[in-house]
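Below is one structure, written out as structure tokens; comments come after it.
The values are calculated or read from the model by the stated rules, or taken from the named source; none is laboratory data. What you see is a predicted model, and the numbers here were worked out from it, not measured in a lab. All accessible areas refer to the heavy atoms of the entire protein, side chains included, with ligands and DNA or RNA removed. Shrake-Rupley method; radii C 1.70, N 1.55, O 1.52, S 1.80 Å.
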Amino acid sequence: MLVEQQATELSDLSSNNEIVATEDKPPKATSMRRKFDPVSPYGFGPYPEVPEEYMKTVGTPSWMETKLFGFPPASREQELISRVMLKMW
């Protein structure tokens, strides 16, 4: 009885009272920032969203250049400057 109760708590019952296991699937990545590492290796936290208009007028932020164009990784200072410029924009 206890096992049945636990199984019912952990799963859903279908229309004919069969136990159907449910599993949580991770959300699909839809934004541009999911194509590369979403967190700064220098401890600045997650990368901010970059509007397309920003990339057209100012250019690509340093953290995106590595994955998009194969450039060497940006230094700590370059990443910080890119973040400040994006924030000011």
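Quick notes
- Taking all protein chains as shown and a probe of 1.4 angstrom, residue 88 keeps an accessible surface of around 150 Å².
- Note, ³J(HN,Hα) from phi for region 49-63, Karplus 6.51, -1.76, 1.60, rounded to Hz, x at Gly and Pro: 5, 10, x, 4, 4, 5, 5, 6, 8, 9, x, 7, x, 4, 6
- The stretch between residue 53 and residue 75, if pulled fully straight at 0.36 nm per residue, gains 5.5 nm over its current Cα-Cα span.
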